[in-house]
1. Looking at this structure, is ARG132 in contact with a strand residue (DSSP E or B) (Cβ under 7 Å, 6 or more places away or on another chain) and not assigned by TED's automatic domain parsing to the domain that holds GLN35?
2. Anything in the stretch 174-198 that is outside any loop (DSSP other than H, G, I, E, B) and closer than 13 Å to VAL158 by Cα? List them, or say none.
3. Take VAL214 and decide whether it is among the hydrophobic types (A, V, I, L, M, F, W, C), touching a Cys at 6+ places or on another chain (Cβ under 9 Å) and in the same structural domain as CYS149 (by TED's automatic domain parsing).
4. Run down ALA144, ALA140, ALA171 and say which single residue is modelled with pLDDT under 95, under 19 Å from PHE70 (Cβ atoms) and not polar (S, T, N, Q).
5. For the stretch 109-135, give me each residue that is over 17 Å from SER46 (Cβ atoms) and part of a helix (DSSP H, G or I).
6. Search the stretch 52-75 for residues being among the β-branched types (Val, Ile, Thr) and in contact (Cβ under 8 Å) with a residue 12 or more places away in the chain, and hand back the single one that is surrounded by the most Cβ atoms within 10 Å (Cβ to Cβ).
7. Suppose we filter ALA211, ALA171 for residues that are aliphatic (A, V, I, L, M), out of contact with any Pro (no Cβ under 7 Å at 6 or more places or on another chain) and more than 30 Å from VAL34 (Cβ to Cβ); which single one remains?
8. Considering VAL14, VAL62, VAL53, VAL79, which residue is under 23 Å from PRO131 (Cα atoms) and at pLDDT below 95?
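The values are calculated or read from the model by the stated rules, or taken from the named source; none is laboratory data. The structure displayed is predicted, hence computed values, not measured ones. Glycine gets a Cβ as well: all are built from the backbone with ideal geometry, and neighbour counts include every protein chain shown.
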Amino acid sequence: MFHKRAGTGFLLFVAIATAQTGRRAIWDGVYTDVQAQRGSEAYSRSCMGCHAVVPDGKAPLVGDAFWKSFSQKTAGDLVEFISAYMPNGAPGSLSAPTYEDIAAFMLKSNGFPAGAAELKRSSVADVRIVPRDGNTELPANALARVVGCLARSGSEWVVTNATAPERAENANQTDATRPLGKGSVTLKFVVTKLDPLVGSRVAVNGLLIGAGGVDGINVTTVNRVAEKCP
């Protein structure tokens, strides 16, 4: 899941992809090594008691846990999250530059390359956190949402014409009219009565079972967004 600093060929690929999409990715290099070192020192003072920077440690900040929390988000989201919730027991108590330094340390610990400029919240708001191949598929256990047509398939509920799973926080105001997809997602552990919603366009939130929801979605909410579907 994590990658060593890329060579010249990959950096050229990143530059081309960035130019084509108009958006930067985390692989472009958005912090400096000096900043990450400051972040390491701040982490040791304020975070190490609750978090680890090894995948199998306590409440890890790296590995699958990082991707589950931040894939498809931005580096700006990362800074905002740690500013709001860290350190444990005293969230928001560190200075803004210190939170930026800690974010830089987290990026370095996850194998993302350093760059020429320091990470600033204002400069990384649109920097996407995606695998280096640009794949936007959400990992297993990510809190996600899909939009599509609610139907019954045997004993199971499914969403047909489903959109690709996206972050649950990214509520779309055009769910009632947005283009749907071609996928089908099985709804698991449904505890509410869905019969009145059959044939409706719905938005489903829940935890993905398998990468990209290949084995379904562990449902938390199902909401009708349009009477008819598609």
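1. Here the answer is no, as ARG132 does not meet what is asked.
2. Those that are outside any loop (DSSP other than H, G, I, E, B) and closer than 13 Å to VAL158 by Cα: GLY183, SER184, VAL185, THR186, LEU187, LYS188, ASP195, LEU197.
3. The answer is no for VAL214.
4. Only one candidate qualifies: ALA171.
5. The answer is ARG121, SER122, SER123.
6. VAL62
7. Of ALA211, ALA171, the one residue that is aliphatic (A, V, I, L, M), out of contact with any Pro (no Cβ under 7 Å at 6 or more places or on another chain) and more than 30 Å from VAL34 (Cβ to Cβ) is ALA171.
8. The conditions single out VAL14.
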